[in-house]
Structures are given as C-alpha cells and as structure tokens.
Amino acid sequence: MKHEKTRIYGLIGKDIKYSFSRKFFIEKFKQESIFNVDYKIFDIPKIEDASFIFQNPYLKGCNVTIPYKTSIIPFLTQIMPEAKSIGSVNVVKITNKCRIGFNTDVLGFECSFKKQFKRIKNKKDFKALILGTGGVSKTISFVLDKLKIPYQYISRKKNRGVLVYEDINQNLLKKYKMIINCTPIGTYPNVNSCPSLPYQYVSSEHYFYDLVYNPNKTLFLKKAEEKGALIQNGLEMFYLQAEESWKIWKEI
C-alpha cells in the first residue's frame with residue numbers, strides 16, 4: 001500500500017478508546033472492496049489539536065464525538081443548515097481543502113427512538129429529561145422539538161432553564177417519563193458509574209435511553225430495568241449515524 005494513495009478517515013474525540021468506530025469502518029471498507037483507505041482514532045486532549053489533524057492532506061473525512069461536537073465548529077469552513085441550526089457537528093467531509101460539517105446524529109437518534117416510542121402508552125402526556133447540555137444533547141432536543149415532545153435539561157451546574165441532578169425527585173419523575181443520558185457517564189471502562197438519580201422512583205411507565213453503547217447495558221440502564229422500565233442503549237443510533245456518515249464521504 002502506497003501512503004500517497006491512502007485515504008484517511010477517523011474519529012475525533014477525547015478518551016475514546018471504547019469506540020467501535022474503527023472496527024465498524026474497517027469492516028465497511030472490506031465489505032465494499034475498498035483499498036488504500038484507513039480509519040484512525042484521533043484521541044486528543046484538547047480541541048486545538050484538531051488543527052494538526054486537519055493538516056493531513058490524506059484526510060478525507062472524520063466523525064466527531066464527545067466532547068467536541070460543538071467546539072469543532074470554528075475549525076470548519078462550511079456547516080450544513082441542519083447542523084448549524086442545532087449547533088452540533090458529528091461528521092466532517094473534506095474536499096478541495098474545504099471542511100464541511102454535518103449532523104447525522106439526528107437521523108440516528110430519531111429512527112432508533114421512534115421504534116421503541118411506539119410501545120409507549122399515554123404518548124399525549126410524554127415528557128423527557130435530557131441529562132447533559134453538550135453538543136449531543138442539542139441534537140436530542142432538536143429531534144424532540146420536531147416530534148413535539150416537551151423536555152427539560154439536567155446538568156451538574158444550574159443555569160437559566162436548566163435543573164441540576166439534586167432537583168430530580170419523585171414528583172419530577174412522575175411528570176417526566178423518559179430519561180435520556182447524553183453524558184459519557186457509565187462508558188467503558190467506568191462501568192460502575194451512572195448518573196445520580198433517585199432510581200427508587202423509576203417504574204414500568206418510564207423509558208430510559210442511554211446514548212452510551214459500550215458496555216451494552218450500562219449501570220444507568222440496569223437500574224432502570226430492575227424497576228421495570230423500557231430501556232435502550234445507543235448502539236443502533238451509532239450504526240445509523242455511521243452508515244449516514246459513509247454515504248456523505250462516498251460522494252468524494
């Protein structure tokens with residue numbers, strides 16, 4: 001394999017050794033008999049390091065994950081309308097020295113969510129708590145707005161319109177039946193961690209969605225399942241957004 005002919009794709013993030021992205025795309029390349037191509041994990045401690053990654057002339061595209069889905073934007077030359085309105089980018093396409101930002105998380109979350117949402121009773125009164133206020137949570141709220149599902153942000157720090165974990169009590173969990181974890185808490189190898197919630201008030205009426213997919217069942221989901229809640233991890237969302245990423249890159 002000659003290096004000058006190698007096309008490079010990759011994943012930009014922090015503490016992302018757990019990611020399935022490289023395995024997924026290497027298998028995708030083999031399935032489609034695509035040669036002289038590689039997928040790398042760019043695990044960087046700060047977003048400023050992205051400038052060095054983008055200097056690679058063989059880089060044709062990359063995925064972006066926690067915690068850089070918002071902070072990657074200043075490094076781009078163009079952002080697609082939907083990604084711009086959300087304020088979150090998880091896919092970058094590089095062509096003719098132009099770095100274009102996309103958001104395929106929207107499709108990934110919406111499609112995977114709708115499958116399970118069909119099983120929910122009393123949809124009319126359905127409300128969601130979004131754990132985290134980063135780039136991915138903006139995508140989730142965008143989809144919920146589209147589906148006309150009310151939601152409330154939860155964060156470690158109290159801000160205008162945002163509650164903190166200490167505010168979550170029995171009454172709040174009666175009003176909000178869906179809990180969506182948009183934080184990396186519980187991701188491998190920190191499998192014994194979970195968002196701080198009063199799980200004793202969770203019931204079979206709740207729907208817990210964890211965007212984390214490694215491990216397959218986080219402590220967050222295990223605790224909810226013990227109370228009879230409907231649970232779902234982020235693996236299907238991962239596959240859906242990754243497939244959409246590849247469709248974008250294949251046009252190069």
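Output the number of the condition that Tyr39 fails; it satisfies all remaining conditions of (1) surrounded by 19 or more Cβ atoms within 10 Å (Cβ to Cβ); (2) at pLDDT below 95.
Result: Tyr39 passes all but (2).
Quick one: is Lys217 open to solvent by 10 Å² or more (accessible area, probe 1.4 Å), in a loop (DSSP other than H, G, I, E, B) and of a type in the set (D, E, K, R)?
Considered against the rule, which asks whether it is open to solvent by 10 Å² or more (accessible area, probe 1.4 Å), in a loop (DSSP other than H, G, I, E, B) and of a type in the set (D, E, K, R), Lys217 comes out as yes.
Test Ile179 against the stated conditions and say whether it is in a strand (DSSP E or B) and under 30 Å from Ile72 (Cα atoms).
Spelling it out, Ile179 is indeed in a strand (DSSP E or B) and under 30 Å from Ile72 (Cα atoms).
I'd like to verify a number: residues in the range 151-176 that are outside any strand (DSSP E or B), more than 20 Å from Ser204 (Cα to Cα) and touching a Phe, Trp or Tyr at 6+ places or on another chain (Cβ under 9 Å), how many?
Count: 2.
Name the residue, out of Lys223, Lys157, that is on the phi < 0 side of the Ramachandran plot and modelled with pLDDT of 95 or more.
Within the list Lys223, Lys157, the selection yields Lys223.
For Ile179, state whether it is farther than 25 Å from Asp125 by Cα and either surrounded by fewer than 21 Cβ atoms within 10 Å (Cβ to Cβ) or touching a residue at least 24 places away in the same chain (Cβ under 8 Å) (or both).
no
Considering only residues that are aromatic (Phe, Trp, Tyr) and buried (at least 18 other Cβ atoms within 10 Å of the Cβ), look in the range 220-245 and name the one that is nearest to Leu129 (Cα to Cα).
Only one residue fits best here, namely Phe220.
From (1) in contact with an Asp or Glu (Cβ under 6 Å, 6 or more places away or on another chain); (2) part of a loop (DSSP other than H, G, I, E, B); (3) at pLDDT 95 or above, pick out the condition that doesn't hold for Ile16.
(3)
Across the range 235-252, what is the number of residues that are touching a strand residue (DSSP E or B) at 6+ places or on another chain (Cβ under 6 Å) and either under 20 Å from Cys111 (Cβ atoms) or assigned to a helix (DSSP H, G or I) (or both)?
3
Yes/no matrix, rows are residues, columns are (1) among the charged types (D, E, K, R); (2) part of a strand (DSSP E or B); (3) under 18 Å from Tyr213 (Cα atoms):
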position: Cys62; (1), (2), (3): no, yes, no
position: Ala83; (1), (2), (3): no, no, no
position: Val106; (1), (2), (3): no, no, yes
position: Phe109; (1), (2), (3): no, no, yes
position: Gln116; (1), (2), (3): no, no, yes
position: Ser141; (1), (2), (3): no, no, no
position: Asp145; (1), (2), (3): yes, no, no
position: Ile149; (1), (2), (3): no, no, no
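Could you run through the range 87-104 and say how many residues are crowded, with 22+ Cβ neighbours inside 10 Å and either β-branched (Val, Ile, Thr) or part of a loop (DSSP other than H, G, I, E, B) (or both)?
Residues in the range 87-104 being crowded, with 22+ Cβ neighbours inside 10 Å and either β-branched (Val, Ile, Thr) or part of a loop (DSSP other than H, G, I, E, B) (or both): 8 in total.
Of the residues that sit in the range 72-81 and are closer than 21 Å to Gly108 by Cα and assigned to a loop (DSSP other than H, G, I, E, B), which one is least open to solvent (accessible area, probe 1.4 Å)?
Taking the candidates together, the pick is Ile72.
The values are calculated or read from the model by the stated rules, or taken from the named source; none is laboratory data. Note that the structure is a prediction, hence the values are computed from the model and not measured. Please note: Cβ atoms are built from the backbone with ideal geometry, for glycine as well, and neighbour counts cover all protein chains shown. What goes into the accessible areas is simple: the full protein's heavy atoms, side chains included, and nothing from ligands, DNA or RNA. Shrake-Rupley method; radii C 1.70, N 1.55, O 1.52, S 1.80 Å.
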